[in-house]
Each structure stands twice: as structure tokens, then as C-alpha cells.
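Each remark here refers to the structure printed beneath this line.
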Amino acid sequence: MSSPEQWTHPEPGEAPAATAATPTAEQVIAGLRATSEGGAELVQLLTPEGERVENPEFDRYVADVTAEDLRGLYRDMVLVRRADRECNALQRQGQLGIWVPLLGQEAAQIGAGRALKPQDMAFPSYREHGVAWCRGVRPEELLGIFRGTDNGSWDPIGKRFHLYVIVIGNQVLNAAGYAMGQRFDGKVGDDDGEATMVFFGDGATSQGDVHEGFVWASVYDAPLVFFCQNNQWAISEPTERQSRLPLYQRARGYGFPGVRVDGNDVLASLAVSRWALDECRHGNGPVLIEAYTYRMDAHTTTDDPTRYRLSDELEAWKLKDPIERVRVHLVRHGDADQDFLDSVQADADQLAAELREFCVNMPDPPLERMFRNVYAEPSPQLDAQRDAFLEYAAGFAGGEH
Amino acid sequence: MSSPEQWTHPEPGEAPAATAATPTAEQVIAGLRATSEGGAELVQLLTPEGERVENPEFDRYVADVTAEDLRGLYRDMVLVRRADRECNALQRQGQLGIWVPLLGQEAAQIGAGRALKPQDMAFPSYREHGVAWCRGVRPEELLGIFRGTDNGSWDPIGKRFHLYVIVIGNQVLNAAGYAMGQRFDGKVGDDDGEATMVFFGDGATSQGDVHEGFVWASVYDAPLVFFCQNNQWAISEPTERQSRLPLYQRARGYGFPGVRVDGNDVLASLAVSRWALDECRHGNGPVLIEAYTYRMDAHTTTDDPTRYRLSDELEAWKLKDPIERVRVHLVRHGDADQDFLDSVQADADQLAAELREFCVNMPDPPLERMFRNVYAEPSPQLDAQRDAFLEYAAGFAGGEH
Amino acid sequence: MATPVMNKTAGAASATQTVTLGKGLNLGLRAAMEADPKVIIMGEDVGKLGGVFRITDGLQKDFGEHRVLDTPLAESGIVGTAVGLAIRGYRPVCEIQFEGFIFPAFDQITSQVAKMHFRSQGRIKLPMVIRVPFGGGIGAVEHHSESPESYFSHTAGLKVVSCSNAVDAYWMIQQAIRCDDPVLFFEPKRRYYEKGQLDVDAEPPPLFASRVLRTGDAATLVAYGPMVKTCLDAAAAAAEEGRSLEVIDLRALSPLDLAPVFESVRRTGHLVVVSEAPGETSLSSEIAARVQQECFYSLEAPVLRVTGFDTPYPPSKLEEDFLPDLDRVLHAVDRSLAW
Amino acid sequence: MATPVMNKTAGAASATQTVTLGKGLNLGLRAAMEADPKVIIMGEDVGKLGGVFRITDGLQKDFGEHRVLDTPLAESGIVGTAVGLAIRGYRPVCEIQFEGFIFPAFDQITSQVAKMHFRSQGRIKLPMVIRVPFGGGIGAVEHHSESPESYFSHTAGLKVVSCSNAVDAYWMIQQAIRCDDPVLFFEPKRRYYEKGQLDVDAEPPPLFASRVLRTGDAATLVAYGPMVKTCLDAAAAAAEEGRSLEVIDLRALSPLDLAPVFESVRRTGHLVVVSEAPGETSLSSEIAARVQQECFYSLEAPVLRVTGFDTPYPPSKLEEDFLPDLDRVLHAVDRSLAW
Ligand SMILES: Cc1ncc(C[n+]2csc(CCOP(=O)(O)OP(=O)(O)O)c2C)c(N)n1
Ligand SMILES: Cc1ncc(C[n+]2csc(CCOP(=O)(O)OP(=O)(O)O)c2C)c(N)n1
Ligand SMILES: [Mg+2]
Ligand SMILES: [Mg+2]
């Protein structure tokens, strides 16, 4: 994509490159290069080939990561991917109404999720199964959303992981408010400070709520990390439909840092997320992170990507698989042997088996659920509706209900 | 305010300066400096003392401006200010329900308004009386809005000046759509191309609609000039409540040019507006202009600025009066004598007299007006309501109606 | 009124064909785009993908990217720019992907779309259509099964319609696009795959007219969109028990065309209004309020309403209990007749 | 329930005082902030300026900038961040400057505020209040005189109230803030300067209860917010003609407390519902629909409605014709009694 420098000091008469409906050849090339490389400012610590590359700015944030830790990150990714694939299969088999695949975004999410400290809060969108895992939310607790039995069964307060939010952008403002509260509570300013991380996609950046979240967080110095997973697609629309510039540069318009990290590099995602969260917990928020990654599966199980994107693109990204590069790195450095890899696989298979077992046995919610928790304090009007309906339903003697 | 450079290449560990509820001393100073000077990148062609300063980038856009033209700009400003003061007085005397003062923003608006070509379109907010003047909308045509007889009586299509819009930010998206239409119609690409200019304030920049307008205009290369009048206040809130950075820098996040112009310098406003419109009509839009100016009167006639700002601030800005500097310049260069100044004053007084005469004689709208033009095609339901009400009202034999 | 379109499409499509409701919309959009070059389609994923429900399938390929726009992801932006395009002379057809996502555009719709013609004293027309797939019954996640039409029928300056079958879908979308007023067009997503016999040479009824779909004398059922089929099924079931119910499809939700309803209620004396939307302060309330006034002396029982409950739309495993069904409709008819 | 606040304010304010409705709100907000440090106020110009209607006058000075926030200019941001603050344990009171500007926040209100408790299965409470000055009659420009309450009473998960006098204003705002559900609080801006006798030691009635303000037997008038005074004036005028009208102030708009209305209508047999909002698909429709069902055999005439017309709010020179007034209310009573 075009460099922003040429716009920050505009020369009269000089023209911004057109980037609209019909892109120029130059853009197509730039766009493709960006898609395959992520651009010059991409923060990467582990190459797709598993080489550890130095990064003077961010190395210090993962200096303490041991081989044991790296194996843990590997295990996290393998397990969440396995769970994701199992849920995809469960949907195919009619056990779930729909599934939103995580495939390809494991490194971005595990890196971010593991950077979060217990006292931190996270606000997900609807694809954050990997972050959920890191917050101690079991895959089983996600299933109700997709099976239609509830809207998520974990405790968002206890787990410090908010409910999934489907209306694009809404959670960004909610997170900004929560982070303002952390600051108002005096929980910001030192290593033990609190911070909040909010997750959204490339398409979401166009929503007014995301902009307003940038405005609020910046004028209130909220300890908020905007974690944008740019997986290149908003259903069928490529990122070019949303912005002329790389998304991390959006922060330039608001006066807070924006960094693009290789979202398929779990170590880089961990480092940049730790840095960003530290900035926030010390009172230097907000920060924008663009995790440059790829949605390797369909948008959801009801989507058909063959209608709008080429398989070559997928093939190109497979070479940068987030899990493979860690495996190669571990093995090459003798930090993981076959036994370890096998045990992880075994754990993954067991997780999947338990998940399936749990899913197929999920009970349907009772009728009254419909009327429960609409209000925290009673509504006589609604109670009357409930009673009348339950009486009516009882009339069917459990026949069809 | 803090320079954006420090954010565009964030250094880990380096902290953005806090600019929230309780600003640091450094910010207060920076803020005050900005308020008095407008910052380093301010484009100015005429100093408050009436000195013409060179500007290699923008001089060319006013190279054709003759003394005659400058007298015209002076006359425009004197007349719109006179009309503005008359309307303010009419409100005090109960002839208008409310008035929204233009005082202090004459140069920003006349410069922008005179830069517009006949084929261009303009979308105002609610304070654009000076732009209206340039589009051939008589002050009389604005009165209905403030007297409560209509929502503006000019023809927005014929005058290529849209109706005033009160809901902050709405018009920015409407203008983006209109500009997209200009491009779709093939009216963009050469000197005769069309462009659109949309007006909004500093406070409006926080609204989601303004952001979405930036997104749409940039991805569709719309020939749209975002003309933001930063008059330092959104009712009682200073610009610091809306943004950490100077507002023209917001464009950096989207990939199009952003320029800050001295909004009290009519020549600079004309030059920068012409440049921006040229960029757009040639297909290089959009462009953001921040006209750095000051709301010298209350937000509206119902507002009481003494509750939230110091009179010193007003005094400081009086020294940079947009009209005075042009008068001094004209006189010093012998381009205007007393006769000219007197004749302009006479024209202004006559305009005011006509305006007052018109205002006090404005008829109240007929009852049916309420039911007219709700729909372009008939609604039997509404027609029935109208007939029933008119019959009911007739029952009072014109007594109280 | 429909003439130009009919001639155009008559060539394109065979005289009578079996089409789904979704296909009827697709053909209707195509016909409208052929009839008027100013008609453009805007929305999320409406281009190559053809929309998540494929209603715009093939249109970008045939009409180009400047007439079928894959927009950035923001509904206020879609509607707000459509307003500007309409002022410029276009006839935009906006697609809101699911009804639950129309709310970011609510400000533009109530503050600009609904008021533009009025505030400009008729100088500006906004011939734009906002297509909204709505209603439940498809086992979807949150925000994908709601019925927000009442918000819009309460908003003066908007016209609101809903189609219940494939043939109406084909004609009504074209009529809505030709209408010089902004039209909210509610599509019953759970009925997208219901088939109908479309004759593109037929003369369609006017857009803002309700229709009696089945005559009867025992009681009147009024519905729109997805609940029309439910009511027709209920009437069929009732017929087997020798009870003849009249079924009226409102089609126009604002302004309402209640004359046929009044006429029917004066004959039957009993009215049941059926809608998926929560009943409180809804379109069903308005119908009950109007009918009790117009037919005060004809009603043998109060107007009864069968609606969604006054709760958020529940997780989909509960939706068949939330949504009015044949049983609840007939139960209400029984209560009305036994009043 | 009101105890803690009463004790606190009893000290601050004298036993009985004459206050305007606006001052009652101001005192009530102050009492709520004194009673609970988690109560914060957010909005445009609520700080130094004290709000354009001065309802928050002096609060930032006394409670500080972290409890009275002058926010950036965006309503979705105000409500959306308030949601996060409420999740964090605060009790935010958001001020929407004028009702016409609540629509940018409509998505956050319908999609998050209204559903949070339900979707979290009760784990998250959203004790937040959204204050909305509403209604016309003040000679204002566009978007400053509307009555959007029906949009919210149709939205399950929200509670909606409106005060009609200074004493209710003082108590209801405190009760709304203490309520664990999100409450839309509609303030009749044209009545901000109406005076009342406030006794801060009195025991307030519950928040979600309607009240009979004047008893009568000829017909029942139901209203809320600004129209309550209009109805009381109408009843006074009718009394002079020897006709006694009962006047009920709904106070709670959702959930509605209609028991007193049913009881009244069973006695009078006549009901006129009065509201400034356009009638179509409105709160007045809901009341008519409910009453015609509950009081079917008691009604001697259909429920009649006196409302704003189904048009955008007109230029202010026409508003006195748009708004229901004493004459239109009595005209409706005449029609009802003559039915
Ligand atoms: C307000 C709103 N509009 C539309 C949708 C429908 N929708 C669901 S996901 C999606 C694309 C989101 O893309 P992105 O933000 O990149 O996130 P991703 O799905 O790629 O993770 C759309 C349009 C929605 N959920 N909310
Ligand atoms: C959506 C919306 N919210 C609130 C208001 C009330 N209001 C009118 S003007 C104004 C301040 C606008 O400030 P700014 O954008 O700087 O424009 P200025 O008035 O200074 O020209 C506010 C809050 C409004 N008109 N619209
Ligand atoms: Mg994406
Ligand atoms: Mg301003």
C-alpha cells in the first residue's frame, strides 16, 4: 500500500494514489506485496521458516520466554486449532447451527491472550476462541452460542473475558468505558496496573463506534489496547474496501502508537502485546496493534469463499502457518522431541473428544429461560406474560414442548 | 499540542503525553500556544497586522487575486458580519427564536465560499451564513429556520447549497455520497470537474458519521473537501476534549492530505480551499482542511460563555480579527480609500435594514404546511388526519388559529 | 406504472415461472436496474458474493462495480452516503445484511432520510430503498432474527412495506424502487426459499395496498411478512374443523391500508393480529387501536394479538416457543370466539 | 428504599421547599451522588456549563471532573462507554442534550444496553440511566422538540419512565439511579420551570407505578410527562362545566402500570390517551390496545387518542397546532361521551 509519509506533509498539486473501486496496477502489486509480506514495518520475531530474528525494540519483552514457555504456546495453538476444527465438524454434522472458524489466527490470539495478566480485562468480538482459551474459558463454554442454547455460558466478570459481541464495533466503546473505569479506580500507573484489550477485525475499523472508541480512549488516556486482527477479509470484502492505508497507521490520526505485528508469529504477538499492555498499565495508553494474519477458512460455516477469493492466496498463507514455524523452531533447537509433539497431539485429541461428548449431550434450555434475566428487578408485565405462556404450553401436556 | 511524529514511529517504552481530563502543565502551555498561534504548520498569507507573507506552496492559488477581488472579499466579510449582528439583535428583540452567531469566522467561510465554483456543491452545518452568502443564498432565506416558519427557504438543488443540518456529523456522510455521485457521473478529472465541500466543527470530529465520511470518501476517491472550522469550542468544551492532536492531522490516519489554515485569513482560506477543490475536481480527493479560527460570540443566543471561558481569550483573538487585517492591508497599499470603506458600510447597513424589514413582516406558515411534503407520493392516512384537523381548526372560526 | 419494467423483463423471463421469494427479489432488482440506469445497489458483500442470501447474485457481474457497490463495513455510512447519492439523482437500494444491524443507521434514517422531503418543502426527493431481511425461525445467532419494523412505522416520513411471497417480492421491490419516497423494505428471511408462480406479464396490485388472501366469515387474521404463511396454514387447519377464517396480508406497514381489515372485521366481528415482533408498542398495538375505534360496534370480542414476547430474541433453541405458530394463532381464535 | 438518600439530603435541604422541575432533578442528582460514590454523570457540556438546561449545575464543581465528565461530542460514545463503566461497577447517568440526538446512540442502547443482563444470564447488571429532555412547546429549531419514547418502550430490556412535576423529578431520578436495570429517563423540557413543593423527608411512591392525580367519574384522561399538566388543566376546565374527569399520570412508560387505568375505565367507561408523540405505532397505541382488551365490556366508547400528527415535528410557529392542547383534549372527551 502507499506510504503515509506523502500525505502527512501534503504538497499542493500532488495527488493521492487512487485506491477505490477499480485499483491501479501499481496498487494491485502493492496490495499483493503487502498481503504476502505485511510491509516494511511488520514486527516479526520468528520467520515462517522458524528462524528467530532479532528485534531491538521488542526482544526485551520476550527475553524471559523459556523453551518451556514456547512449548506451552505451541500447545495452546495446537489445542485451540483442534477445538476449532472439531467445532467446524460438529456444525457440519448438525450439532451446531453455525461455527466461526479461528483457523489461521491462532498465533495472533494466543500471543495476545498470554500477554494478558490476571488483573487485565478482555473484550472479544466473536472469533476470539484462542483468547478465550487463555482466559480460562473452556471451549465447551462457547458452544451454547453456536448451538443456540445460550449466549455464552462463562462468567464474563469472573473470567475477565466479556461476552462475545456480534454487532461490529460495539465492544470497542464498551471496552473504552471499562478501561476508563480502571483509570478512575486508580488502578493505572505501575507494573501491577490494570489494562484492557479489545478485539476487532479489519472490517470493523470502518464503524463509527471504533472511531469513537479511539477518541474516548485517547482523550481519557484509557489503558486500552486496540487489538485489530487484520485477517485480510471482512466476509467477501478485502481490506482495500475499508482503508487506503495499512490499518495500524490509523492511530496516527489520533496521537497514539500503532504497530503492525506478524499475526502468524506467536512470539511477536506476545512481545508486542506485552509492550502495549505495559504502556497502558503504566498510564501511557491507548495503543493500537494490527495483527497481520489470514482467515484460512470461510468467514463462517455458512460462507463460501470460492465465490470471492483465489485458492492461490490461501496456499501462499499456508506457507506461513502460525503453528508450523514454532514446531520447526522447537525441533531445530532440540527444545521439542517427537514424544512432546505426540503428547500435545494426544491432549488435543482428548480435548476434541471431550468437546464433542459435551456438545452432543447439551440439553435444550427450559421455556422459562426466555423470560428470565430480561430485567434485574421484576417486571409484573413480563411475569404475567410468562405465566400465561407456561400455562398455555403446559396445555400441550409436554406433547410438542 | 504534541507533535504527531513521535507517534508515527512508536518507541516501545516511550509514552504518549497525557492529554485527558487533567492536562499536564506542558500541555496547557502547548495548548495555549496553539490557541494563540495555531502551531507551526498553519498556512497564513495575511498576518493579523495585514502584512502579505509569502507561501511557496499556496501563493499560486491566489496569484490572480486583484485589489478589486480583495475589496470584494472585504465587502463580503463586512456584509455577512453586519447581517449576523442584525440577526443577533433581532433575536434579542424577540423577532427570532434563536440565532447562531457567525462572528469571527467570516474569513474562513468567505475564503471557502468564494473558492467554490458554480458547478460545485456545498453541504453546510448550521453556522455557515458566510458560505450561504457566497452561494447566492440571501440572509432572508436563512431566517425561517430561526424564526420557526420553515427549515430554510432556499432551493438547495438550484443554489447547490444543501439545507442546514443540525444533527452533528450527518451532513458529512450525505456530502460523501453526493461527491461519490459526482465521480460516478464522470464529472471528475479536469479543470471543469465538480467537487463538493462539507462544513463541520471541531466538536463534530468525534462523531462516528464524520469518521465514516472519511472512510467512504477515501476508498471511493470522492471529490470531497472536508472543511472543519475549529473555532476552539464545542459549546462549552474546548478542542482538547475531542482530540490529542491538531485536527488537521486526523487525515494522516486515512491517507489523504490534511492542512491547517489560518481561518481568520481570508486570502489563505481562499488559497487553501482552491487548492483542495482543485485536487478534488482532478480526481485526487478527498482533502481535509482545518480552518483555525475562533467563535467570538456565544455558541447561540441562548448560550452563556462566561460560565466556561475567560474574556482574555476573546481579547487575544480580537487582535486577529479577520476583517481588520484586510482593511489595513487594503488601506496601506492604497487599494481602498475612505469612500470605499464608507460605501461598504452603507451597503452593509442597507442589507441589515432590508433584513430587519423582511424579518418583522414574515408571515406565519398556514396550518396545512404541517401536513405538506411529508411524502412525495400521497398518504391517504395522513390526508385523512389533515382533513379532520383542518375541519376541527375551522371550528374555532379563526378565533385562536 | 409497472409497464416499462414488464416489457423489459418479459423478454428476459418466460411468461410464468416457478421462483423462490429470494429469486423473485433478485429478478425484480435486475428488472429495476435494467429499467433505470440511476438504480444502484449498495451494501456489505452485495458484489461478488451476491449478498449473504444471494439476493443480489450476479448483479455486479452484469451491471458493474459502479452500480453494485461493496461498501465499507458501516451501516450509517451506507445509508448516509445513499442519501447524498439520492440527492445527486440516483435511486440507491441499500442492503442491510441482517435487521439487527440497521441500528447504526438509525440516526441517518430518522434524522435525514425520513425528514428530507419535508424539511426541504418538497424540493428534495429521496427515492431510496433500504432492504432489510428480518424475522426469526432460521436457527441463527443473536441479532439475526429480530423484527424491528415497528421502529420505522412509528417514524413519520418513511414508508414501510413487507412482502410475504415470491410474486409480491418481484413486484413490490420494483415498485418500491420506483417510489419517490424512501421505503423500508422488510424481507421475511425465513421465507426466502418459499416458491411461487411468477407471471412477469401480469399487472401487479399497487404497492401500498393490503390484500385479502383467503376469505372467511368466522374471524379475521391479519399479518405481514413471515407470519402470513403461518396464518394461511392456520386458516387451512381451521377449515378442516369447519371454521372459515379470513386472512389479510397487510403488505403496507406504513402508511397502513386498513380499509379491507375494517370491512372484514365488520363481517366477522373477531380479529387476531399476528406478528413476530414483541407486542409492546408495536405495529400490532397500532392495528388493535385503530380497529377498536373504527369497528367499535362490530367487535364481538376485543382485538387479540399473537406476537413475540416482550423479551430480547432468545437463543435459537427457544425460538419456536418465542415465535407465533399455528397453535398459538388458533388458540387466540378460540379465545376470541369464546369471548 | 429511599432511606439513605433522604437522611443525607434532609440535612442538606430544608424540610419543604419550592423548587422547579429542573431544580428537583438537580437536587436529586446531587443526593444520588452523595449517597453513592459510584454514581457518575457523563455528557456534553454537563461540567462547567451545567448542561444547556443547567440540570447538572454545580455538580462538577462539587464532585470533580472524574465524577462529572464533559465527554467528546458523540452519543454512541457516551452510551457505549457508560456500558463499560457500568460493567466496571459504576452507575453512570448519561445526559443526552436533546432527544433528537439520542439516535446516534440507538445501536448501543438496543444492541447492548437492553440485552446485556439477558445475554449474560443475569451475571452482568447495567445500572445506568439515560436522561433525555424531550417534547416540544419551547419554540426550538429542528430535532429539539420530539417525543421518541415509543422507540424505547418497544425495546425489551429497557425500563422507561417520565416525570411530570418537580416532586416526582426529585424522587424518580434517584430511584432510577438506584435501579439495577438500565432506565431511560424522559424529562419534559417545557416543564423544567414548573414549580412544586418538595419535602425531602416524605416517602416517595415506587418508581414504576402510575398515579391518579385527579379523580373523576365522567371519563378518564391518561398522559405522561409534559401532557399531564395539559390534562390537569383540561380536567379543571371541564369541572367548571360540571364534568368530572379522572387524570392518571403513567410515570412508568415501560413496563406500564395500567392497573389503575383499567380500574378507572371500568368506572368511567371512557378513555382518552394524550401524548405529544405521533400516534402511529406509539405508546398511545399500546395503551389503547391493552385497555380495549382488558375493559372490553366496560368501554362505552372506543379508546380515543389525542396525539401529535404522523408528520415530522413542524417548524415551531406551527407547534401549538401540532401539540395536543386543552381544546383538543376536551374535544376528544366530547366525542367519547357522545359516541
Ligand atoms: C454492525 C454489523 N454489521 C454487519 C454485520 C455482519 N457481519 C458479521 S461479520 C462481518 C465482517 C466482519 O469483518 P472483520 O471486522 O474483518 O472481522 P472478521 O470476521 O474478519 O474476523 C459482517 C459484515 C455485523 N455483525 N454487525
Ligand atoms: C448529534 C448531536 N449531538 C448534540 C448536538 C447539540 N449541539 C449542537 S451544536 C453542538 C456543539 C458543536 O460544536 P462544533 O462541532 O465545534 O461546532 P460549532 O458549534 O463550534 O460551530 C452540540 C453539542 C447536536 N446538534 N447533534
Ligand atoms: Mg477480517
Ligand atoms: Mg466548534
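Values in this text are rule-based calculations from the coordinates and carry no lab data. The structure displayed is predicted, hence computed values, not measured ones. Glycine gets a Cβ as well: all are built from the backbone with ideal geometry, and neighbour counts include every protein chain shown.
Descriptive notes on the structure:
- When each of A:TYR126, C:TYR193 is scored by the number of other beta-carbon atoms lying within 10 Å, the sequence from fewest to most is C:TYR193, A:TYR126.
- For chain C, the relative contact order works out to 16 percent when only alpha carbon pairs closer than 8 Å and six or more residues apart are counted.
- Averaged over the residues of peptide B:240-252, the number of Cβ atoms from other protein chains lying within 10 Å of each residue's Cβ is 6.
- GNM result for chain A, Cα springs below 10 Å: residue of A:SER269, A:SER311, A:SER206 fluctuating most strongly: A:SER311
- Mean per-residue shielding of peptide B:306-318 is 1, counting Cβ atoms of other chains within 10 Å of each Cβ.
- HN-Hα J in Hz across the stretch B:226-241 - Karplus 6.51, -1.76, 1.60, θ = phi - 60°, x for Gly and Pro: 7, 9, 9, 8, 8, 9, 6, 9, 10, 6, 9, 9, x, 4, 4, 6
- Converting the Cα gyration tensor eigenvalues of the stretch D:135-235 into ellipsoid dimensions via √(5λ) gives semi-axes, longest first, of 20, 20, 16 Å.
- Antiparallel content of DSSP bridges confined to chain D, in %, to 5: 25
- For B:ALA352, net neighbour charge (Lys/Arg +1, Asp/Glu -1) across residues whose Cβ lies under 9 Å away: 0
- In the assembly of identical copies, B:ARG307 has its label point, taken 7 Å from Cα in the direction of the beta carbon, separated from the corresponding points by 5.4 nm (ascending, one decimal).
- Crossing angle, helix A:338-360 versus chain A [Cα axis fit, 0-90 degrees, rounded to tens]: 40
- Note, ³J(HN,Hα) from phi for the stretch C:187-204, Karplus 6.51, -1.76, 1.60, rounded to Hz, x at Gly and Pro: 10, x, 4, 6, 9, 3, 9, 6, 9, x, 9, 9, 10, 5, 9, 5, 9, x
- Built amide H within the under 5 Å cut-off of D:ARG91, gap 5+: D:VAL39, D:ILE40
- Fraction of antiparallel bridges per DSSP, the stretch C:211-339 only, in percent to nearest 5: 25
- Dipole moment magnitude, nearest 20 debye, the stretch B:222-369 about Cα centre, only Lys, Arg, Asp, Glu C-beta charged: 960
- Rounded FRET efficiency, nearest 0.05, which uses the C-beta distance separating C:ASP233 from A:GLN350 and R0 of 35 Å: 0.15
- Euclidean distance between Cα centres, the stretch D:63-142 to the stretch D:32-55, Å: 13
- In plain terms, the residue of C:SER285, B:SER153 with the fewest other Cβ atoms within 10 Å comes first and the most crowded comes last, giving B:SER153, C:SER285.
- Computing Rg and the Kirkwood Rh from the Cα coordinates of chain A gives a ratio, Rg/Rh, of 1.00.
- For the stretch B:220-358, the equivalent ellipsoid derived from the alpha-carbon gyration tensor has semi-axes of 30, 24, 16 Å in decreasing order.
- Rounded to whole Hz, the Karplus (6.51, -1.76, 1.60) HN-Hα couplings of the stretch D:52-58, x for glycine and proline: 5, 9, 6, 5, 9, 3, x
- Distances between placed amide hydrogens fall under 5 Å for D:GLU187 paired with D:VAL132, D:PHE134, all partners being 5 or more residues away or on another chain.
- For the protein assembly as shown, the spread of Cα positions along each principal axis, largest first, Å: 98, 82, 82
- Net charge of Cβ neighbours under 12 Å - reference D:ALA209; Lys, Arg +1; Asp, Glu -1: -1
- Sorted from longest to shortest, the spans of the Cα atoms of the stretch C:74-139 along the three principal axes equal 45, 19, 18 Å.
- Beta bridges per DSSP with both ends in the stretch B:216-357, % antiparallel, nearest 5: 15
- Cβ-derived FRET efficiency at R0 41 Å, B:LEU310 paired with B:PHE358, nearest 0.05: 0.65
- For the stretch B:67-212, the average shadow cast by the Cα convex hull is 9.5 nm², which is a quarter of the hull's surface.
- Cβ crowding within 10 Å ranks D:HIS144, C:HIS154 as D:HIS144, C:HIS154, fewest other Cβ atoms first.
- Electrostatic dipole magnitude of the stretch C:222-266 [Cβ: Lys, Arg +1; Asp, Glu -1; Cα centre; debye, to 20]: 100
- Per residue of peptide B:158-170, the mean number of Cβ atoms on other chains within 10 Å of the residue Cβ is 5.
- Separation of the stretch A:178-193 and the stretch C:245-318, taken as the distance between their Cα centroids, equals 53 angstrom.
- For C:ARG266, the point set 7 Å out from Cα toward Cβ sits 3.4 nm from its twins in the other copies, listed from shortest up.
- Candidates A:PRO305, A:PRO246, A:PRO322: whichever shows maximal mean-square fluctuation once chain A is modelled as a Gaussian network with Cα springs under 10 Å: A:PRO305
- Here is how far apart the D:ASP180 label points are across copies: 5.7 nm, shortest first, using a point 7 Å from Cα toward Cβ.
- Around B:ARG369: net Lys/Arg minus Asp/Glu count, Cβ-Cβ under 13 Å: -1
- Interchain or long-range residues, amide H under 5 Å from C:ALA277's placed H: C:GLY308
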